[in-house]
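Engineer: Quick one: structure below, then a few questions.
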Amino acid sequence: MNRLLGLFCLTVLIGCGLATVLFAAPPGGELQKAIVAARDRVLPALVNVQPVSEVFAGGRKTKGTTIGSGVIIDGDGHVITNYHVAANAEKVICTLSNQERVSGRLVGGDPLTDVAVIKLDPKELR
């Protein structure tokens, strides 16, 4: 227990130290340029994930939607997202960074680690 508490305290101290460094950096400095460059490299891989599922409420069947995010992890159109977002999806609609909407389907997931993999429909990709 003491070891866990020590690890927690160390994590908090490191986090506070990083926050101090980040906020102390002058605007437009090298750190900000590096962050902007990293964002620009990652942005094309980000995906808005909108699973659609059947929901039974009040004796009626309706379509339920949630929203989440994901990241394209390979050239075949696999997207990693959270399991709790996509677990019960009948279908998944993904919006890419260029605003293109592509259908996808859940191909795997693990509720314990809350990780799911969606496969984008290659016929819909431009």
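Engineer: Out of the residues in the stretch 109-126 that are of a type outside the set (A, V, I, L, M, F, W, C) and loosely packed, with under 12 Cβ neighbours inside 10 Å, which is nearest to LEU43 (Cα to Cα)?
Structural biologist: So, considering only residues that are of a type outside the set (A, V, I, L, M, F, W, C) and loosely packed, with under 12 Cβ neighbours inside 10 Å, the one nearest to LEU43 (Cα to Cα) is ARG126.
Engineer: Within the stretch 32-54, can you find the residues that are exposed (fewer than 12 other Cβ atoms within 10 Å of the Cβ) and touching a strand residue (DSSP E or B) at 6+ places or on another chain (Cβ under 6 Å)?
Structural biologist: Kept after step one, since they are exposed (fewer than 12 other Cβ atoms within 10 Å of the Cβ), are these residues of the stretch 32-54: 33-34, 36-44, 54.
Passing the criteria: only GLU54.
Engineer: If you take the residues of the stretch 55-94 that are assigned to a strand (DSSP E or B) and charged (D, E, K, R), which of them is surrounded by the fewest Cβ atoms within 10 Å (Cβ to Cβ)?
Structural biologist: Here is the first cut: in the stretch 55-94, the residues assigned to a strand (DSSP E or B) are 55-57, 60-65, 68-72, 78-81, 91-94.
Next, only the ones that are charged (D, E, K, R) stay: 60-61, 63, 91.
Working: ARG60: 7, LYS61: 9, LYS63: 10, LYS91: 14.
Ranking the qualifying residues of the stretch 55-94, first place goes to ARG60.
Engineer: Evaluate the following for ARG60: is it among the basic types (Lys, Arg) and at pLDDT 80 or above? Write out each step before concluding.
Structural biologist: Working: among the basic types (Lys, Arg): yes; at pLDDT 80 or above: yes.
Answer is yes for this residue.
The values are calculated or read from the model by the stated rules, or taken from the named source; none is laboratory data. Quick caveat, the model's predicted, so the values are computed rather than measured. Note that we place each Cβ from the backbone using ideal geometry, even for glycine, and neighbour counts take in every protein chain shown.
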